[in-house]
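Inspection log for the structure reproduced underneath, given as C-alpha cells.
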Amino acid sequence: MRLKGAFRFALYGTLALLFISGAFWLVADQLKTHSEDSEMWQQAAAFLLSMHGGAAMVTLMLLGALGPMHVQRAWRAKKNRATGTASMAVYGLLVLTAFGLYYAGSEALRSWVSIVHIAFGLGVPAVITAHIKVGRSSVAFVAPPVRAQHAPAVTLVPADAPSDADLVNAMSKVG
C-alpha cells in the first residue's frame, strides 16, 4: 500500500525535520551547560525545541491522515502488519512521552520520560526503514502485460469498415 507521492514527501520530510531538530536539540542542550558560549547554545536549544514541537504537530496531523489512507487498507489486505504495528506503537509511545514531557510535574518522572522519548525518537529512522523495506519486499514485482504492437497500415479504408469478403457476400445476396 504505497503512499501517494505528495503525501509521502510531506510525511518523510516532516519526520526528517522532527528527527533532525530533536537530535540537534540534544547536542545544543548539552553544549549550553558544558560550553563557554552557553548563551548561544541556550538560544539554539530553544529554537530547535520550538521547531521540534511545530514539526510534531504537523506529524500528528499526517499520522492521523495515515490511518484511513494507509493503515486500514493495509490491515484489511493483511500487508506488513508486524512492522506497521511496531511503527504505530513507537509513534504512540513518542506522543505519550511528549505529552509527559510537556505536562509532567515531577522532575523524577520528567527525567525518566525524557530518556524514553529520546531513546525511541532516535530509533524512528530504523523503524521507518524496516517498515518500508519489508513492505516493498513483500510486493512481488509483476511485469506489466506486453501488448503486441503492430505498425499502422497505410490505408484509405477505416478500421471499422467491412472486409472485402463481407462486401462480396452482401452484394451477392442483393443481386
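The values are calculated or read from the model by the stated rules, or taken from the named source; none is laboratory data. A quick note: this is a predicted structure, and the numbers were derived from the prediction, not measured. Note: ideal-geometry Cβ built from the backbone for every residue, glycine included; neighbour counts use all protein chains shown. The area values use the complete protein model at the heavy-atom level, side chains included, leaving out ligands, DNA and RNA. Shrake-Rupley method; radii C 1.70, N 1.55, O 1.52, S 1.80 Å.
Brief remarks follow.
- Each residue in the range 64-78 was checked for being open to solvent by less than 80 Å² (accessible area, probe 1.4 Å) and either in contact (Cβ under 8 Å) with a residue 40 or more places away in the chain or outside any helix (DSSP H, G or I) (or both), and 6 of them qualify.
- Filtered residue count, the range 79-93, keeping only those that are surrounded by 14 or more Cβ atoms within 10 Å (Cβ to Cβ), more than 13 Å from the chain's Cα centre (by Cα) and without any contact (Cβ under 8 Å) to a residue 24 or more places away in the chain: 0
- On inspection, ALA119 does not qualify as open to solvent by less than 90 Å² (accessible area, probe 1.4 Å), modelled with pLDDT under 70, under 30 Å from PHE9 (Cβ atoms) and among the aliphatic types (A, V, I, L, M).
- Every residue from the range 50-63 that is open to solvent by less than 80 Å² (accessible area, probe 1.4 Å) and out of contact with any helix residue (DSSP H, G or I) (no Cβ under 7 Å at 6 or more places or on another chain): GLY53, GLY54
- Hits in the range 115-134 - residues which are closer than 15 Å to VAL27 by Cα and in contact with a helix residue (DSSP H, G or I) (Cβ under 6 Å, 6 or more places away or on another chain): GLY121
- Residues in the range 1-49 that are open to solvent by 80 Å² or more (accessible area, probe 1.4 Å), farther than 27 Å from GLY135 by Cα and among the hydroxyl-bearing types (Ser, Thr, Tyr): THR33 only.
- Within the range 94-107, restricting attention to residues that are surrounded by fewer than 12 Cβ atoms within 10 Å (Cβ to Cβ) and hydroxyl-bearing (Ser, Thr, Tyr), the residue that is modelled with the lowest pLDDT is SER106.
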